[in-house]
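The values are calculated or read from the model by the stated rules, or taken from the named source; none is laboratory data. Predicted model, so just to flag it, every value in this text is computed and none were measured. When we count neighbours, we look across all protein chains shown, and the Cβ atoms used for this are built from the backbone with ideal geometry, even at glycine.
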Amino acid sequence: MIPKIFLLTLLLLATSTKYIYAELQSQVIDYMDGDTVLEGYIVYDDNFNGKRPGIMVVHEWTGLGPYEKMRADQLAKLGYVALAADIYGKGIRPNAREEASKQAGIYRNNRQLMRNRAKAGIVQLKKHPLVNNKDVAAIGYCFGGGVVLELARSGADVQGVVSFHGNLDTPHPEDARTIKAKVLVLHGADDPHVPSEQINSFKKEMGSAGVDWQIISYQNAVHSFTNPSSGNDPSKGATYNEKADKQSWSDMLTFFRKIFLNFS
């Protein structure tokens, strides 16, 4: 008979080994929107067992880069499967402000194309074997914040969308009636790129359509307040605000706990 103390030691070693070697599993993947190749980044933590919610992360106007991958990693460490999606297409990663504006403008002027690219990301995320397809959400930063709101307006089958300092305008406010998702907007109270007129129109749009929505505004925060690379000069209209960054992330997690009732 094997001594109980030996069995206990083996159990502890097995548990310790699993903990030691548990890590983030990430992969750069190609996926498609029609004939266009998109290149995303998908990540999960293998220390969590079974299916779990999936979160799509949509990039700023400079395209998918280290910042969005960092946010995806943060979500994976919390137990989610995260896909940092690609709206622009494989290899299109603007370096200069002018080129970023040009690329973002393509999609802002063609909201159907924007929606299609976002939907392609959701389809890809739901294909992952660890994703519970009934528990999927999307978050976006700046340009990406506007993208996830358009995704919601398309009637996409997602539980929720979260916009961080994103634009709120749309040429199709009537489409809000098709929204199935709960909507959370995390907004810099002093953001010069999202004027009060845009906020009021958004409130009217959501209210008229009976959407489950909320806006949270952060004091002394301007545009791009979650990204440390935005600098530290609020007078430029876009700068990092550590307090607003941390609070908005916490508010997003509270939102997720409400929409993903079977996941903690």
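Per the conditions (1) assigned to a loop (DSSP other than H, G, I, E, B); (2) closer than 18 Å to V148 by Cα; (3) within 20 Å of the chain's Cα centre (by Cα), the sole criterion not satisfied by I216 is (1).
Counting only residues that are part of a helix (DSSP H, G or I) and of a type in the set (D, E), region 138-174 holds 2 of them. Scanning region 131-164 for residues that are over 14 Å from the mean Cα position of the chain (by Cα) and surrounded by 24 or more Cβ atoms within 10 Å (Cβ to Cβ) yields a total of 1. The C-beta contact set for region 248-260 (first residue farther than 14 Å from F164 by Cβ, second residue surrounded by 15 or more Cβ atoms within 10 Å (Cβ to Cβ) and among the polar types (S, T, N, Q), distance under 6 angstrom, 6+ apart or interchain) comprises I259/Q159. Answer yes or no: is there a residue in region 235-242 that is in contact with a Phe, Trp or Tyr (Cβ under 7 Å, 6 or more places away or on another chain), surrounded by 13 or more Cβ atoms within 10 Å (Cβ to Cβ) and touching a residue at least 24 places away in the same chain (Cβ under 8 Å). Yes.
Name the single residue that is nearest to the chain's Cα centre (by Cα) among those in region 230-245 being farther than 14 Å from H193 by Cα and at pLDDT below 95.
Taking region 230-245 and keeping what is farther than 14 Å from H193 by Cα, we get 230-233, 240-245.
Filter once more, keeping what is at pLDDT below 95: 230-233.
Values: S230: 18, G231: 22, N232: 24, D233: 25 Å.
Among those residues, the one meeting the criterion is S230.
Within region 18-126, considering only helices (runs of 4 or more DSSP H) that don't extend past its boundaries, which have at least 2 residues that are at pLDDT 95 or above and of a type in the set (D, E)? Steps first, answer last, please.
Details: elements: 66-77, 97-108, 111-126.
Where helices (runs of 4 or more DSSP H) fall fully within region 18-126 and carry at least 2 residues being at pLDDT 95 or above and of a type in the set (D, E), they are 66-77, 97-108.
The residue pairs whose first member lies in region 83-95 and is on the phi > 0 side of the Ramachandran plot, whose second member is of a type in the set (S, T, N, Q), and whose beta carbons are closer than 7 Å, counting only pairs six or more residues apart or on different chains, are G89/T36. In region 66-119, which residues are among the hydroxyl-bearing types (S, T, Y) and in contact with a Ser or Thr (Cβ under 9 Å, 6 or more places away or on another chain)? Selection gives Y67 alone.
If you go through region 71-99 one residue at a time, how many are touching a Gly at 6+ places or on another chain (Cβ under 6 Å) and acidic (D, E)? The number of residues fulfilling the criteria is 1.
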